[in-house]
Amino acid sequence: MLELGLFFVSCFITLFSVLDPFGAAVTMLALTHDDTEESRASQAYRASRASLLILLFFTFVGGYIFALFGVSIHALLIAGGLILLQVAFRMLEGQSLTYRSTRPEQEEGEKKEDIAIIPLAIPIMAGPAAITTVSICANKSDNIGMWVMLIMAVTASIYLTYLILKNCSTLTKLLGETGVRVLVRAMGLILMAMGVEFILSGIDGYFIQTP
């Protein structure tokens, strides 16, 4: 039971940090500055629902997709760790949003009334780092209990992100710009440690597997 609990906490913290909900909330607030609170809540819900479906899809079939292209789990661990390190460095520098959403994507979102799918769900929430993270966690799940914990971790992280996005205006007013940046950097530090752990696990597994 303790092992399952630790697995849940590890998956949840890593994925929640990757989702960077506070950074996503700032982006959402910027793209919906003229919208009502009801409209923001609706878009937050649709973005979270789309992200959950995408991440659950890659949770179950991501490993098969990578295997189809001949990508081993050790290579995926190292690649995933490097992606997490890149995101973490940008978060520590206060540049997390530039990684996930390019300027053309932001401009497209600004022109649309509904920014729930692009750029909020893709690529801000369900981006490369989140997809790689759930695929790696899925590979570590070798029994029903761990699969249940993983699904719960994905669902819980998306739900908590949804609550933050839904109340983005209140949170940004409460925390202020400095508070948001502090939280983003704190999550970046956690994410950096997880990225290093992924890389070390991949290297260790590769040399153990190689005769």
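Side notes on the structure shown:
- Leading residue at positive end of dipole, region 2-209 (Cβ point charges), from Met152, Val26, Ile190: Ile190
- Highest mobility in the GNM of the chain, judged by mean-square fluctuation with C-alpha springs under 10 Å and restricted to Thr132, Thr161, Thr170, is found for Thr170.
- Annotation for region 1-77 versus region 143-185: alpha-carbon center distance of 10 Å.
- Exposure here means at most 14 other Cβ atoms within 10 Å; with GluC sites (Glu not before Pro) in a DSSP loop as sites, the longest stretch of the chain lacking them is 114-211.
- Residue-by-residue Karplus 3J(HN,Hα) for region 138-147, coefficients 6.51, -1.76, 1.60, Hz, glycine and proline x: 5, 5, 7, 7, 10, 8, 4, x, 5, 4
- In order along region 149-166, the Karplus-derived 3J(HN,Hα) couplings, from 6.51 cos²θ - 1.76 cosθ + 1.60 at θ = phi - 60°, round to 4, 5, 4, 5, 5, 5, 5, 5, 5, 5, 5, 5, 5, 4, 4, 5, 5, 4 Hz, and Gly and Pro are given as x.
- Contact order, relative form, for the chain: 46 percent (alpha carbon pairs under 8 Å, 6 or more residues apart, mean separation divided by residue count).
- The magnitude of the dipole of region 2-209, with charges of +1 and -1 set on the Cβ of Lys/Arg and Asp/Glu and taken from the Cα centre, is near 120 debye.
- Largest GNM mean-square fluctuation across Leu77, Leu68, Leu56, computed for the chain with C-alpha springs under 10 Å, falls on Leu68.
- Selection from Val180, Ile73, Gly202, by position along the positive dipole direction of the chain (Cβ): Gly202
- Expected 222 nm ellipticity per residue - DSSP helices of 4 or more, -39500 (n - 2.57), all of the chain, to 500: -28000 deg cm²/dmol
- Least to most buried among Asp35, Asp20, Asp142, Asp204 (fewest other Cβ within 10 Å first): Asp142, Asp204, Asp35, Asp20
Throughout, read-outs are computed from the coordinates displayed, never taken from laboratory work. What you see is a predicted model, and the numbers here were worked out from it, not measured in a lab. No Cβ is skipped: glycine too gets one built from the backbone with ideal geometry, and neighbour counts run over all protein chains shown.
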